[in-house]
Amino acid sequence: MGLSKTIWTNPTEFLRNQQPEHPVLFFSPSALQAAARRFIDGFPGMVTYAVKSNPGEEVVENLAAAGVRGYDCASPFEIDLIRRLAPDAAIHYNNPVRSLAEIAHAVEKGVKSWSVDSRSELEKLIAHVPAADSEISVRFKLPVAGAAYNFGAKFGATAELATDLLRRVAEAGFIPSITFHPGTQCTDPAAWEAYIRTAAQIAQDAGVTIARLNVGGGFPSHRLMGVVPQLEATFDLIDRVATEAFGAARPMLICEPGRGLCGDAFTLAARVKALRDDTHVFLNDGVYGSLTELPLIGVIDRVEVLSPEGEKRMGAPLPRIVFGPTCDSVDRLPGEVPLPSDIAEGDYVIVQGMGAYSTVTNTRFNGFGELALATVLSLKV
Ligand SMILES: *Cc1c(COP(=O)(O)O)cnc(C)c1O
């Protein structure tokens with residue numbers, strides 16, 4: 001081990017010098033801040049961060065430094081984290097199901113914005129949250145496609161129920177708002193259009209003028225080489241459709257991206273433990289580690305392979321079965337992953353776009369999961 005540094009030029013420099021035996025996530029603060037500025041400059045409303053996608057302190061601190069002033073929290077832990085790291089920021093408690101103890105904790109911490117999707121949870125809020133200055137957003141769902149998987153399976157009222165809930169929110173003296181989430185890694189902007197038009201219809205049917213419309217997360221990160229996220233086109237569509245649908249009663253807009261902000265600010269390096277009989281690639285990271293999401297939402301093809309000396313493997317791509325390190329047979333990446341034909345034991349497989357739902361879902365199953373974090377100036381290998 002030669003150099004000991006706190007900030008490295010790029011992943012290659014770190015790998016060449018440190019030859020890590022455990023998986024490493026490389027973090028680029030400048031990439032994260034650039035993503036934050038892209039949202040703040042382009043989105044026609046307030047930009048908040050969905051903490052669950054990556055609750056790392058370095059993430060929250062850099063987002064706060066870049067100007068993110070609101071955070072979507074789902075638990076007392078996340079609320080306390082934001083109160084500590086960004087004390088003046090707004091907290092939106094947008095997990096629609098909460099225990100009484102969780103509600104009490106949030107009230108004590110000064111939370112003023114909540115979401116609901118059911119009568120029972122709304123009555124709990126009405127009974128236990130002071131109405132003055134408090135916003136309750138009604139979350140609804142639509143059967144629309146576009147995202148990586150169906151988010152409406154767990155949360156979201158039908159439009160009919162949302163109409164009743166919104167009326168009840170207004171009657172109870174809370175600030176009425178509407179929220180939705182089109183589904184994560186949503187590459188089709190048309191999903192937002194359908195949701196915004198339905199939100200306007202719900203408000204009209206309820207006879208309620210809403211203060212804010214939260215258009216969710218779901219903004220995609222760059223997972224496939226050939227599919228570059230068109231964020232600005234989505235922002236423009238949201239802006240245009242909000243005006244068309246609501247007219248003079250257009251509410252303030254909020255977005256709460258998780259992946260869209262943090263996804264492309266991290267790059268993974270996993271080491272090849274073995275190339276079993278020249279066919280199966282065994283990595284030191286897998287679906288119980290930071291690659292948890294891949295079987296759920298598909299592979300990332302922004303992959304390169306480096307030798308231990310930091311040289312790029314240039315062999316023609318050869319599809320391989322890739323396993324993680326645990327003894328569980330589901331610990332396998334989906335399908336076959338095209339990797340350079342000259343990949344060898346001891347190499348590093350570099351996966352871009354690994355910031356969201358990676359550090360936070362990493363487990364210690366089978367004694368693996370020792371995941372290091374290294375800060376770099378650039379994520380380019
Ligand atoms: C998970 C979640 C988000 C963030 O979703 P991404 O797809 O990561 O942008 C936003 N809002 C709510 C309510 C969520 O549960």
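Before moving on, here are some points about what is shown:
- Unit charges at the beta carbon, dipole of the range 223-317: most positive-side option, MET314, GLY260, SER290: SER290
- The length gained on full extension between LYS109 and ALA190, counted as 0.36 nm times the residue separation minus their Cα-Cα distance, comes to 25.4 nm.
- The chymotrypsin sites (Phe, Trp or Tyr not before Pro) of the range 66-97 include none that DSSP puts in a loop with a beta carbon having at most 12 other beta carbons within 10 Å.
- Counting 0.36 nm for each residue step from GLU345 to VAL360 and taking away their Cα separation leaves a gain of 2.6 nm.
- On Cα atoms only, tilt of 231-246 relative to the major axis of the chain in degrees: 10 degrees
- Between helix 57-66 and the chain: long-axis angle, C-alpha atoms, 0 to 90°, nearest 10: 60 degrees
- This model, with +1 at the C-beta of Lys and Arg and -1 at the C-beta of Asp and Glu, gives the range 42-142 a dipole about its Cα centre of some 260 debye.
- Anisotropy class of the range 28-152 from Cα gyration tensor, a/c 1.5 cut: oblate
- Charge dipole (Cα centre; +1 on Lys/Arg Cβ, -1 on Asp/Glu Cβ; no other charges) of the chain amounts to roughly 400 debye.
- Measuring between their Cα centroids, the range 201-271 and the range 43-57 lie 12 Å from each other.
- Entries in LYS112/LYS141; LYS154/LYS380; LYS52/LYS312; LYS154/LYS273; LYS5/LYS380; LYS5/LYS109 that, when Cα-Cα distance is taken, lie over 27 Å: LYS154/LYS380; LYS52/LYS312; LYS154/LYS273; LYS5/LYS109
- With one equal scatterer per alpha carbon and no solvent term, the Debye-computed log10 I(q)/I(0) for the range 37-81 at 0.21, 0.24 1/Å reads -0.68, -0.86.
- At R0 = 35 Å, FRET efficiency that the Cβ-Cβ distance of THR375 and GLU244 yields, to 0.05: 0.20
- Rounded tilt (10° steps) of 119-128 against the dominant C-alpha axis of the chain: 80 degrees
- Sites ASP88 and ASP278 - FRET efficiency at Förster radius 41 Å, r taken between beta-carbons, to 0.05: 0.10
- Using a probe of 1.4 angstrom and keeping all protein chains present, the accessible surface of the chain works out to 41 square angstrom per residue.
- Residues whose placed amide H lies under 5 Å from that of VAL376, excluding near-sequence neighbours: TRP8, PHE27, SER28
- Rounded to the nearest 20 debye, the dipole magnitude of the range 185-287 is 240 debye, with +1 charges on Lys and Arg beta carbons, -1 on Asp and Glu beta carbons, and the Cα centre as origin.
- Amide H within-cut-off set for ILE175, under 5 Å, with H built and near neighbours excluded: SER134, GLU135, ILE136
- Square roots of five times the Cα gyration tensor eigenvalues for the range 141-294, Å: 39, 16, 12
- Formal net charge of residues neighbouring HIS128 (Cβ-Cβ distance under 12 Å; K, R +1; D, E -1): -2
- Length-normalised contact order for the range 30-262 - Cα pairs under 8 Å, 6+ apart - percent: 21 percent
- Hydrodynamic radius by Kirkwood, which averages 1/r over all alpha carbon pairs of the range 30-262, in angstrom: 17.6 Å
- Farthest positive-ward along the chain dipole, Cα basis, beta-carbon charges - from HIS105, LEU32, GLY335: HIS105
- Rolling a 1.4 angstrom probe over the chain with all protein chains present gives an accessible area of which 55% lies on carbon and sulfur atoms.
The values are calculated or read from the model by the stated rules, or taken from the named source; none is laboratory data. None of the values given here were measured: they were computed from a predicted structure. Every residue, glycine as well, gets a Cβ built from its backbone with ideal geometry; the counts of neighbours run over all protein chains shown. Note: areas computed on protein heavy atoms with side chains; ligands, DNA, RNA excluded. Shrake-Rupley method; radii C 1.70, N 1.55, O 1.52, S 1.80 Å.
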